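The values are calculated or read from the model by the stated rules, or taken from the named source; none is laboratory data. Note that this is a predicted model, so its numbers are computed, not measured. All Cβ positions, even for glycine, are placed from backbone atoms using ideal geometry, and neighbour counts span all protein chains on display.
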Amino acid sequence: MYKLTDVALITGLTERTLRSYLKKGLLKGEKRDGVWFFGEEEVKDFLSAEPVRAAMKSNRNAIFLDFLNGAGRHKNAACVVLHLPEDNPAHVAEFFCRAVNERNGLEMRFDTMRGLNRVILAGDVETVSKILCEYRAEKK
């Protein structure tokens, strides 16, 4: 299950935008005790909707542009793109959401299309490297 904050992290869309999509019926979920929850299929359907794909592409590109234009120049920074076609999309998204939520100063986007899981991760070099090592260690 994903929370609204997880879907925001994955897509790069604000929670306000996601609530708008909820009202329009483009994003479907369940509200329990004032917290929105979304199943794997609901998130998958949402991510495949054309308006969402276009918005995600714009936000995904923003990570690169911010990085290339000097965001974080005061520290050692990294921006990596991972293509993980062999991995389960839900597992990939859940792992990176959890890893990023446990730390500060990171940006992450996740996308899956035609059997390709793509993760974009930006932040300080040390933290990004640790997350990548944790992911590979978990895969063994």
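Would you please name the residue that is surrounded by the fewest Cβ atoms within 10 Å (Cβ to Cβ), looking only at residues in region 45-60 that are under 14 Å from the mean Cα position of the chain (by Cα) and among the charged types (D, E, K, R)?
The residue in question is Lys57.
Take the residues in region 1-44 that are surrounded by fewer than 16 Cβ atoms within 10 Å (Cβ to Cβ) and among the small types (Gly, Ala, Ser), then tell me which one is farthest from Val100 (Cα to Cα).
Gly25
Among the residues of region 68-77, is any part of a loop (DSSP other than H, G, I, E, B) and crowded, with 16+ Cβ neighbours inside 10 Å?
yes
Given the conditions (1) in a helix (DSSP H, G or I); (2) among the hydrophobic types (A, V, I, L, M, F, W, C); (3) at pLDDT 90 or above; (4) over 26 Å from Ala78 (Cβ atoms), and given that Val7 satisfies all but one, which numbered condition is not satisfied?
Exception for Val7: condition (4).
Do we find a residue being acidic (Asp, Glu), more than 24 Å from Lys130 (Cβ to Cβ) and assigned to a helix (DSSP H, G or I) anywhere in region 30-41? Break it down into steps so the answer makes sense when it comes.
Pass one, region 30-41, residues acidic (Asp, Glu): 30, 33, 40-41.
Cutting the leftovers down to more than 24 Å from Lys130 (Cβ to Cβ) gives us 30, 33, 40-41.
Going one step further and asking which of them are assigned to a helix (DSSP H, G or I), we end up with 40-41.
Within region 30-41, one or more residues are acidic (Asp, Glu), more than 24 Å from Lys130 (Cβ to Cβ) and assigned to a helix (DSSP H, G or I).
Which of (1) surrounded by 15 or more Cβ atoms within 10 Å (Cβ to Cβ); (2) out of contact with any Lys or Arg (no Cβ under 8 Å at 6 or more places or on another chain); (3) over 15 Å from Cys97 (Cβ atoms) does Ile63 not meet, given it meets every other one?
Unmet condition: (2).
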